[in-house]
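Novice: Next up is a structure, given as structure tokens.
The values are calculated or read from the model by the stated rules, or taken from the named source; none is laboratory data. Fair warning: this is a prediction, and the values are worked out from it, not measured in the lab. In this analysis, Cβ positions are derived from the backbone assuming ideal geometry, glycine residues included, and neighbour counts consider all displayed protein chains.
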Amino acid sequence: MTAQQHHASTPRNPARRLGEYRTFFTGAVRNPREVGAATPTSAAVAATVAQVVPTTGAPVVLELGPGTGSLSSGIRERLPAGARHIGIELVDEMVAHLRENAPWMEVVHGDAGDLVPLLAERGVDQVDAVISSIPWSLLDDPDQARILDEVVKALAPRGAFTALTYVSAERSSGGRRFRKRLEETFDEVLTLTTWRNLPPILHYICRRPLDRTIG
């Protein structure tokens with residue numbers, strides 16, 4: 001049995017899932033701006049996100065704001081042997097939870113706005129896929145620009161950037177600003193919606209940065 005098959009066949013532990021919800025809500029109450037979500041995302045969302053994860057070679061896949069790891073298992077199932085899975089998480093409770101429950105992920109306690117130096121400290125100059133659960137619609141303009149600029153600098157030329165947001169958040173002022181910023185930054189911006197999540201999740205899948213400097 002390959003590592004990939006083993007990951008796919010491992011059932012979710014109900015007690016662990018309950019622990020994820022407890023950790024998530026503790027972090028959300030203490031850090032509402034950083035967490036920015038109502039509930040952990042569903043397996044259906046994780047399956048959609050995992051479509052951008054390379055299944056061959058030795059890719060480096062990065063999660064921004066992995067939280068309790070509700071997307072991480074779906075990503076892990078697709079990763080080939082020799083891949084690196086790095087998660088950058090700002091909230092203390094989430095970092096502790098991930099380090100205990102996802103020992104296979106390289107968990108970095110830090111700010112996504114410092115992405116390039118955080119990766120450099122780990123010997124990484126480019127990543128093949130970036131999956132973001134950061135609450136972009138809640139960020140102001142400078143923070144959106146700063147973090148997205150770091151993503152573009154770190155992303156390999158043929159890599160993909162995926163960002164998640166609630167369908168309802170897309171219509172907010174922050175959501176509209178983020179959509180416009182993506183369209184100004186990437187040559188290709190596709191959208192998918194996962195309706196089997198409460199609330200429904202919108203996926204932005206972006207490729208081919210137009211410019212390495214974002215204004």
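Novice: Filter segment 147-169 down to the residues that are surrounded by 17 or more Cβ atoms within 10 Å (Cβ to Cβ) and of a type in the set (D, E, K, R), then identify the one that is nearest to the chain's Cα centre (by Cα).
Specialist: By that ranking, first place goes to 150.
Novice: Scan segment 123-131 and tell me whether some residue there is buried (at least 18 other Cβ atoms within 10 Å of the Cβ) and either among the acidic types (Asp, Glu) or free of Cβ contacts under 8 Å to residues at least 12 places away in the same chain (or both).
Specialist: yes
Novice: Would you check which residues across segment 170-203 are more than 17 Å from the chain's Cα centre (by Cα) and part of a strand (DSSP E or B) and list them?
Specialist: Those that are more than 17 Å from the chain's Cα centre (by Cα) and part of a strand (DSSP E or B): 186, 187, 188.
Novice: Six or more apart or on different chains, Cβ under 6 Å: which pairs go from a residue in segment 77-105 that's within 19 Å of residue 130 (Cα to Cα) and free of Cβ contacts under 8 Å to residues at least 24 places away in the same chain to one that's surrounded by fewer than 22 Cβ atoms within 10 Å (Cβ to Cβ) and of a type outside the set (Ser, Thr, Tyr)? Could you list them?
Specialist: Correct list of pairs: 95/109.
Novice: Would you pick out the residues in segment 58-100 that are part of a helix (DSSP H, G or I) and either of a type in the set (S, T, N, Q) or under 19 Å from residue 127 (Cα atoms) (or both)?
Specialist: 72, 73, 74, 75, 76, 77, 78
Novice: Could you tell me whether residue 103 is assigned to a loop (DSSP other than H, G, I, E, B), surrounded by fewer than 20 Cβ atoms within 10 Å (Cβ to Cβ) and either modelled with pLDDT under 95 or among the aliphatic types (A, V, I, L, M) (or both)?
Specialist: Working: assigned to a loop (DSSP other than H, G, I, E, B): yes; surrounded by fewer than 20 Cβ atoms within 10 Å (Cβ to Cβ): yes; either modelled with pLDDT under 95 or among the aliphatic types (A, V, I, L, M) (or both): yes.
Yes.
Novice: Is it fair to say residue 202 is over 17 Å from residue 71 (Cα atoms), in contact with a helix residue (DSSP H, G or I) (Cβ under 9 Å, 6 or more places away or on another chain) and either in contact (Cβ under 8 Å) with a residue 12 or more places away in the chain or of a type in the set (Phe, Trp, Tyr) (or both)?
Specialist: So residue 202 does not fit the description; no.
Novice: Residues that are out of contact with any Asp or Glu (no Cβ under 9 Å at 6 or more places or on another chain), among the hydrophobic types (A, V, I, L, M, F, W, C) and surrounded by fewer than 21 Cβ atoms within 10 Å (Cβ to Cβ): does segment 65-80 have at least one?
Specialist: So far as segment 65-80 goes, no, none of its residues is out of contact with any Asp or Glu (no Cβ under 9 Å at 6 or more places or on another chain), among the hydrophobic types (A, V, I, L, M, F, W, C) and surrounded by fewer than 21 Cβ atoms within 10 Å (Cβ to Cβ).
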